[in-house]
Amino acid sequence: MSGYKIVFSDYYYPNLDAELKEFEKLGEPVEIIDCTKIVPGGIFNPEELIPYVKDCDALVVQFSKITAQVIQSMEKCKIIARYAIGVDNIDLDAAREKGIMVANVPDYCIDEVANTAIAHIMNAMRKITVSRDMLLSGTFDMNAVRPMKRMKNAVLGLLGFGNIARDVAKKMKDFFAEIVVYDPYFQDVNSHPEVKFMTLEEVLKKADVLSVHVPLSPSTQDMLSYEQFAVIKEGAVVVNTARGGLICEDALIQALDSGRVSYAGLDVICTEDFENSKLLRHPKAALTPHVAWCSEEALAELQKKVGINVVSALIKGEPVYRVK
Ligand SMILES: NC(=O)c1ccc[n+]([C@@H]2O[C@H](COP(=O)([O-])OP(=O)(O)OC[C@H]3O[C@@H](n4cnc5c(N)ncnc54)[C@H](O)[C@@H]3O)[C@@H](O)[C@H]2O)c1
């Protein structure tokens, strides 16, 4: 039978109109398996997903873990397309071995995530939520918001210098005295005189604010842990809008409790179970529930570009945004 079978494992968008409009360009009948219609929210258990993806031509995924077991079960899938920049929920080695392309959307929310990182930085440096919590508790005590450092005397440290971190640097260069960066893979260092490239240890020791923008992978898991918090500048602020797994949460909590880290602004946490996180009600942390990417424009762009990735992979044999 001609035509394509496209499976959506999970998503939390109101509808798939944008994707389906792109699929019209395939010019052949398309069978859609929408797993959110089978299990509310979608299918997250790899074993449950296998019967649906076994004979699919394309798999579209948001949060579901696409394990080696799922990938090995796919008989003719050409493309796994993720609704995101990060692809840490997909076993990339297994996909490569099986000859299945993986695609992301690297440019749909750069402005939004950079601005959320900046909002967390501003919140921590100007003690906005700390002040609000103090008012809500019915007390006023200047000591509760001190010490505050003047931002233009402070150093901003960026871990990773990809699209989002570069946007943060561009927007923040007039706010801080200096911006220092750790990204051993970034090539074009001479085009960025507004920042100084350093080793991780140098950045940790120098930065008053550390903002994390590194992809999560086995090699970056727990990139900030006990060892790093032991050398981080006393009283530093830590902001993470990348992935929770980059920071060992127990080590961060210990650093917050000891005062080594003065505040944490986190849009992502390891478990993504925000409601039950020990950090949710921590007086020195502000959590946002992985919404850094969100704007109406970003959402529309994400859904359309996922559709474009699938169509391009199925017709031309290459998605627009292929993850290498
Ligand atoms: N919170 C959200 O809503 C949200 C939305 C989009 C993206 N993200 C996360 O933000 C991350 C960064 O996005 P981006 O668009 O800037 O990605 P990017 O791919 O443009 O940049 C990543 C940078 O990290 C660097 N890097 C890789 N490994 C490193 C390491 N071990 N140490 C230091 N640097 C390293 C790379 O060289 C690259 O320059 C994504 O991987 C994603 O996980 C979160």
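The values are calculated or read from the model by the stated rules, or taken from the named source; none is laboratory data. Keep in mind that what you see is a predicted model, and the values were worked out from it rather than measured. Heads up, the Cβs are rebuilt from the backbone with ideal geometry, glycines too, and the neighbour counts pull from every protein chain shown. These area figures cover heavy atoms from the full protein model, side chains too; ligands, DNA and RNA do not enter into them. Shrake-Rupley method; radii C 1.70, N 1.55, O 1.52, S 1.80 Å.
Restricting Asp93, Asp88 to those that are within 14 Å of the ligand (Cβ to nearest atom), open to solvent by 10 Å² or more (accessible area, probe 1.4 Å) and of a type in the set (D, E, K, R) reduces the list to Asp88. In the range 171-192, the residues that are over 20 Å from Leu204 (Cβ atoms) and outside the structural domain of Ile121 (by TED's automatic domain parsing) form no Cβ pair under 8 Å with any partner that is of a type in the set (Ser, Thr, Tyr) and assigned to a loop (DSSP other than H, G, I, E, B), whether six or more places apart or across chains.
Residue under question is Ala255, and the condition is that it be among the aliphatic types (A, V, I, L, M) and in contact (Cβ under 8 Å) with a residue 60 or more places away in the chain; does it hold?
Values: among the aliphatic types (A, V, I, L, M): yes; in contact (Cβ under 8 Å) with a residue 60 or more places away in the chain: no.
No: the conditions fail for Ala255.
From the list Ser258, Ser277, which residue is among the small types (Gly, Ala, Ser), open to solvent by 60 Å² or more (accessible area, probe 1.4 Å) and either at pLDDT below 95 or not assigned by TED's automatic domain parsing to the domain that holds Leu16 (or both)? Give the steps one after another, and end with the answer.
Numbers: Ser277 fails: open to solvent by 60 Å² or more (accessible area, probe 1.4 Å).
Going through Ser258, Ser277 in turn, the sole match is Ser258.
Of all residues in the range 123-146, those satisfying the criterion of being among the aliphatic types (A, V, I, L, M) and out of contact with any strand residue (DSSP E or B) (no Cβ under 9 Å at 6 or more places or on another chain) are Met134, Leu135, Leu136, Met142, Ala144, Val145. Restrict the check to the range 218-233 and report whether at least one residue is modelled with pLDDT of 95 or more, near the ligand (Cβ under 10 Å from one of its atoms) and in a strand (DSSP E or B). Looking through the range 218-233, none of the residues is modelled with pLDDT of 95 or more, near the ligand (Cβ under 10 Å from one of its atoms) and in a strand (DSSP E or B). Checked against the criterion of being under 18 Å from the mean Cα position of the chain (by Cα), more than 19 Å from Leu159 (Cα to Cα) and either assigned to a loop (DSSP other than H, G, I, E, B) or not hydrophobic (A, V, I, L, M, F, W, C) (or both), the range 263-271 has at least one qualifying residue.
The number of residues in the range 255-288 being away from the ligand (no atom under 13 Å from the Cβ) and closer than 30 Å to Asp17 by Cα comes to 1.
Hey, among Ala300, Ala242, which residue is open to solvent by 10 Å² or more (accessible area, probe 1.4 Å), touching a residue at least 12 places away in the same chain (Cβ under 8 Å) and not assigned by TED's automatic domain parsing to the domain that holds His120? Step through it out loud before you land on a result.
Numbers: Ala242 fails: not assigned by TED's automatic domain parsing to the domain that holds His120.
That would be Ala300, the only listed residue that is open to solvent by 10 Å² or more (accessible area, probe 1.4 Å), touching a residue at least 12 places away in the same chain (Cβ under 8 Å) and not assigned by TED's automatic domain parsing to the domain that holds His120.
Restricted to the range 199-217, and to residues there that are open to solvent by less than 60 Å² (accessible area, probe 1.4 Å) and within 11 Å of the ligand (Cβ to nearest atom), the residue that is farthest from Lys152 (Cα to Cα) is Ser217. Sort out which residues of the range 221-239 are open to solvent by 20 Å² or more (accessible area, probe 1.4 Å) and out of contact with any Ser or Thr (no Cβ under 9 Å at 6 or more places or on another chain), and write them in order of number. Listed by number, the residues that qualify are Gln221, Asp222, Met223, Ser225, Tyr226, Glu227, Gln228, Ala230, Val231, Lys233.
Beta carbons closer than 9 Å, at least 6 apart along the sequence or on distinct chains, pair a first residue in the range 140-165 that is farther than 19 Å from Ser191 by Cβ with a second that is modelled with pLDDT of 95 or more and loosely packed, with under 10 Cβ neighbours inside 10 Å for Lys152/Asp174. Applying the criterion of being more than 9 Å from the ligand (Cβ to nearest atom) and part of a loop (DSSP other than H, G, I, E, B) to the residues of the range 289-306, the residue that is nearest to Asp267 (Cα to Cα) is Pro289. The numbered conditions (1) in a helix (DSSP H, G or I); (2) buried (at least 19 other Cβ atoms within 10 Å of the Cβ); (3) polar (S, T, N, Q); (4) more than 13 Å from the ligand (Cβ to nearest atom) are all true for Ser64 except (1).
Among the residues of the range 114-128, just one is more than 11 Å from Val239 (Cβ to Cβ) and within 9 Å of the ligand (Cβ to nearest atom), namely Ala114.
Scanning the range 156-177 for residues that are outside any loop (DSSP other than H, G, I, E, B) and open to solvent by 40 Å² or more (accessible area, probe 1.4 Å) returns Asn163, Arg166, Lys170, Lys171.
Can Ala242 be described as within 23 Å of Cys109 (Cα to Cα) and part of a loop (DSSP other than H, G, I, E, B)?
Details: within 23 Å of Cys109 (Cα to Cα): yes; part of a loop (DSSP other than H, G, I, E, B): yes.
Judged against the criteria, Ala242 is a match.
The set of residues in the range 67-85 being crowded, with 19+ Cβ neighbours inside 10 Å and either closer than 16 Å to Tyr11 by Cα or of a type in the set (A, V, I, L, M) (or both) consists of Val70, Ile71, Met74, Ile79, Ile80, Ala81, Arg82, Tyr83, Ala84, Ile85.
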